[in-house]
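The values are calculated or read from the model by the stated rules, or taken from the named source; none is laboratory data. Remember, it's a predicted structure, so these values are computed and weren't measured experimentally. Using ideal geometry, Cβ is built from the backbone for each residue, glycine included, and neighbour counts are taken over all protein chains shown. These accessible areas exclude ligands, DNA and RNA; they are computed on the full protein's heavy atoms, side chains included. Shrake-Rupley method; radii C 1.70, N 1.55, O 1.52, S 1.80 Å.
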Amino acid sequence: MTIIRWQLSLLIDGHLELEEGKLKYFGEFTFYFRHDYAFREFCKKYYPEILIKKGMTKNAPAELYAYYLQEDGNIPIANITHSSTIEKYGKEAMIFMPENPSEKQLEELETLMNERTDYNFSILYDFTLVKNYPESQNIFQTMDEKPIDLLNRYFKTIKPNITK
């Protein structure tokens, strides 16, 4: 899959056996119009243990899939651009940051954010589950920031434990 098809949800893999640090795109804009469906299909293919161990149901929200994927060391990214708000807010994406991202994952994330300057990103981190729904701390890109500036601010402020 390619960067051009940015309408897709994606994940920066945290596992060597699945090409650690590489972007994996999944879903199609015209078919997977809901992230829960795209994340569920992705988990079926690459992480069936998440569906089984966590007792995920067909009606689980996209955020719960993303929570378990980031808990497993991945960086799920959801394009949350909506046709009804694109004129007002522009293109938007949410990054679900794991506690210990790897250097390879962060290099790929930096590349993505340098390439997608037409997006407004938010980074979700420090997750907890409350009544089986993930809650997190959030950091948002400001109007005068480029996406990479948000990532740099995240590293300065949050200081995550980066693994090799």
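Working carefully through the options Glu63, Glu87, find the one that is charged (D, E, K, R) and touching a Phe, Trp or Tyr at 6+ places or on another chain (Cβ under 8 Å).
Just a single option satisfies the conditions, and that option is Glu63.
Please find, within the stretch 66-102, the residue that is most open to solvent (accessible area, probe 1.4 Å) out of those that are modelled with pLDDT under 85 and part of a helix (DSSP H, G or I).
Among those that are modelled with pLDDT under 85 and part of a helix (DSSP H, G or I), it is Glu87.
Starting from residues that are within 15 Å of the chain's Cα centre (by Cα) and over 15 Å from Ala78 (Cβ atoms), keep the ones in the stretch 114-139 and report whichever is surrounded by the most Cβ atoms within 10 Å (Cβ to Cβ).
If we take residues in the stretch 114-139 being within 15 Å of the chain's Cα centre (by Cα) and over 15 Å from Ala78 (Cβ atoms), then Ile139 is surrounded by the most Cβ atoms within 10 Å (Cβ to Cβ).
May I ask you to list pairs of residues, at least six apart or on different chains, whose Cβ atoms are under 7 Å apart, with the first in the stretch 96-111 being of a type in the set (S, T, N, Q) and the second being open to solvent by less than 10 Å² (accessible area, probe 1.4 Å)?
Ser102/Gly21; Gln105/Ile12; Gln105/Gly21; Gln105/Ile75
Within the set of pairs 6+ apart or on separate chains, which have a first residue in the stretch 37-54 that is without any contact (Cβ under 8 Å) to a residue 12 or more places away in the chain, a second that is surrounded by 17 or more Cβ atoms within 10 Å (Cβ to Cβ), and C-beta atoms under 6 Å apart?
As it stands, the answer is Leu51/Cys43, since those pairs meet every condition given.
Given the criteria of a type in the set (Phe, Trp, Tyr), surrounded by 12 or more Cβ atoms within 10 Å (Cβ to Cβ) and not in a strand (DSSP E or B), does Tyr154 qualify?
It is true that Tyr154 is of a type in the set (Phe, Trp, Tyr), surrounded by 12 or more Cβ atoms within 10 Å (Cβ to Cβ) and not in a strand (DSSP E or B).
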